[in-house]
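The values are calculated or read from the model by the stated rules, or taken from the named source; none is laboratory data. If you're wondering where the values come from, they're calculated on a predicted model, not measured in any experiment. With ideal geometry, Cβ positions are generated from the backbone for all residues, glycine too; neighbour counts draw on all protein chains shown. These accessible areas exclude ligands, DNA and RNA; they are computed on the full protein's heavy atoms, side chains included. Shrake-Rupley method; radii C 1.70, N 1.55, O 1.52, S 1.80 Å.
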Amino acid sequence: MILGLEFPPIQNLVEWPNWFGPEGSWYGFNKIAFINVVALVVTSLLFFIAGRSKSLVPKGAQNLVESSVDFIREGIVLETMGPEGIKYLPYLVSLFFFILITNIFEVIPFFHMPANARMAGPAVLALFTWAFYIAVGLKHQGPKYFINAVAPSGVPKALLPLVIPIEFLSTFIVRPFSLAVRLFANMLAGHILLVTFSVLCITLFTASLLAIVLPLSFAMLVGLTGFEIMVAFLQAYIFTILAAVYIGSSLHAEH
Amino acid sequence: MSILAQAAATAAEGLQKADYQAINGATNAGLAYGLAAIGPGIGIGYLVGQSVQAMARQPEAAGMVRTTMFLGIAFTEALALIGFVVFILLKFV
């Protein structure tokens, strides 16, 4: 009989020992760092290979890259920023591919760990995006960007003391925070969900009588793996689309 | 019946302060996530329902509605995810 489910402590799920380098040092290298490096190399190689062949009828890597760039161009940039946002396409495409590949390691055997389930990755990406949309705002509107961002025109003067703090909080603090936390919490939740069902499967496998419900638990695990592939894609999409919306909001003063 | 009560009493004596803290932490964590999930649950349901209605009424605007729907889901979902982070903090930290 099954008596109790030994769920591993959360540290065992997300903290990985260093492959080399002492713990806590800046050059320590563990699984998360390796996944990030792989994502960087795969993204660069994919675009390098696809960029070399310039055939009119694309196939292979060129086909994949051209259709995904087209997807981001039509589905994200033109929908949220319009034609003048096309020049920010390279940032958004690299963001999308980097997040997608670091997320998809959640279901790749022998890794089974989304790199974005540690806060550092999403936080850095969110800070990049934060700096990017402030820089775009400064470039397009000059120093008036900060005034336009916190005090939209058309607000009655009496309401300004209320509106300015709220707008300042939501534009410069809540935006990067929610970008980072959204990606982080989604990936961590998915990771914990998969671990829970894996632990359940192993426990049921050794339980004598309750082993008859093992197929149900295993089917759930397989189904959730498919679901997590979808979540990995969706989170990359949502991060990219929100980055596009934030950059687009810096292009012009709201009116 | 008395055996059960006796067993419960022995079990209660065996609980240490750390156990009570663990019980409190688990209860509060469950409550925090449960409460945080109510609003976004209603919100996402309403949002997607309205989007489906919009897409059904105007199929040529489906692409635009879908983009906006994902945006809305992302904003609505944020509260539930902050609740999940609070759950992790209460339960494990």
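Structural remarks
- Expressed as a whole percent, the accessible area of the stretch B:17-92 that falls on carbon and sulfur atoms is 69 (1.4 Å probe).
- Karplus (6.51, -1.76, 1.60) ³J(HN,Hα), θ = phi - 60°, over the stretch B:64-75, in Hz, Gly and Pro reported as x: 5, 4, 5, 4, 5, 5, 5, 4, x, 4, 4, 6
- Between B:A37 and A:F34, the simple label model (points 7 Å from Cα in the Cβ direction) yields a spacing of 3.4 nm.
- Projected label points at A:L45 and A:I212, each 7 Å from Cα along the beta carbon direction, are separated by 5.0 nanometres.
- Volume per residue of the convex hull around the Cα atoms, evaluated for the stretch B:17-92, comes out as 60 Å³.
- All other residues whose Cβ lies under 15 angstrom from that of B:R66 are scored, Lys and Arg at +1 and Asp and Glu at -1, for a net of -2.
- Apportionment of accessible area to carbon and sulfur, the stretch A:10-251, percent (1.4 Å): 76
- Taking 0.36 nm per residue of separation and subtracting the Cα-Cα distance, full extension of the segment from A:E66 to A:S25 would add 10.7 nm.
- Between the alpha-carbon centres of the stretch A:217-255 and the stretch B:44-89 there is a gap of 11 Å.
- Peptide B:73-82, shielding by other chains (average Cβ, 10 Å cutoff): 5
- With K and R counted +1 and D and E -1, the other residues having a Cβ less than 15 Å from that of B:G49 yield a net charge of +2.
- Cross-link partners for B:K91 among the lysines, with Cα-Cα distance under 24 Å and sequence neighbours closer than 8 places in the same chain left out: B:K17.
- For the peptides B:65-71, B:44-50, residues were scored by their other Cβ atoms within 10 Å and the scores averaged per peptide; the highest-first order is B:65-71, B:44-50.
- Set of lysines near A:K31 by C-alpha distance (under 24 Å), chain-local residues within fewer than 8 positions excluded: none
- Rough spin-label spacing in nm, given labels placed 7 Å along Cα→Cβ, for A:S53 and B:L15: 6.6
- Computed per residue of the protein assembly as shown from DSSP H runs no shorter than four, each worth -39500 (n - 2.57), the mean residue ellipticity at 222 nm is -24500 deg cm²/dmol.
- Within the straight-line cut-off of under 28 Å between alpha carbons, the lysines reachable from A:K157 are A:K139, A:K144, sequence neighbours fewer than 8 places apart in one chain being disregarded.
- P(r) tail for the stretch A:10-251: Cα pairs beyond 27 Å make up 49% of the total.
- The stretch A:24-41 and the stretch A:176-209 have Cα centres lying 22 Å from one another.
- When the residues B:F87, A:F128 are ordered by accessible surface, computed with a 1.4 Å probe over the protein chains alone, the sequence from largest down reads A:F128, B:F87.
- The packing ranking, built from the mean of other Cβ atoms within 10 Å per residue, places the peptides A:241-253, A:196-208 in the order A:241-253, A:196-208, highest first.
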